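First up is the structure itself, then whatever we jot down about it.
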């Protein structure tokens, strides 16, 4: 994310959701990383666009915050079907 914006780096896709986690360097980080990877793959399979941003902060419990920005594309077919169902 370039600066503090409500849009992806492309400047066009709006950020709809943000997930944040703290990356720790411990023996369980590999397990957590694999779980996040599967989760992100599932989101992408559902048609969501993802973009990551990393912030380094020096705190006693965490040094690396990872932000996952999510954009939900609205397809023309889904928006027209929802508008037609609301007219009923």
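The values are calculated or read from the model by the stated rules, or taken from the named source; none is laboratory data. Remember, it's a predicted structure, so these values are computed and weren't measured experimentally. A quick note on method: Cβ atoms are made from the backbone with ideal geometry, for glycine too, and the neighbour counts reach across all protein chains shown.
Across region 70-81, what is the number of residues that are more than 15 Å from residue 14 (Cα to Cα) and at pLDDT 80 or above?
Looking only at that region, the number is 0.
I'd like to check something: does region 39-51 contain any residue that is surrounded by 10 or more Cβ atoms within 10 Å (Cβ to Cβ) and touching a residue at least 40 places away in the same chain (Cβ under 8 Å)?
yes
Let me spell it out: the conditions are (1) surrounded by 11 or more Cβ atoms within 10 Å (Cβ to Cβ); (2) modelled with pLDDT of 90 or more, and residue 67 meets all of them except one. Which number is the exception?
In the conditions (1) surrounded by 11 or more Cβ atoms within 10 Å (Cβ to Cβ); (2) modelled with pLDDT of 90 or more, residue 67 misses (2) alone.
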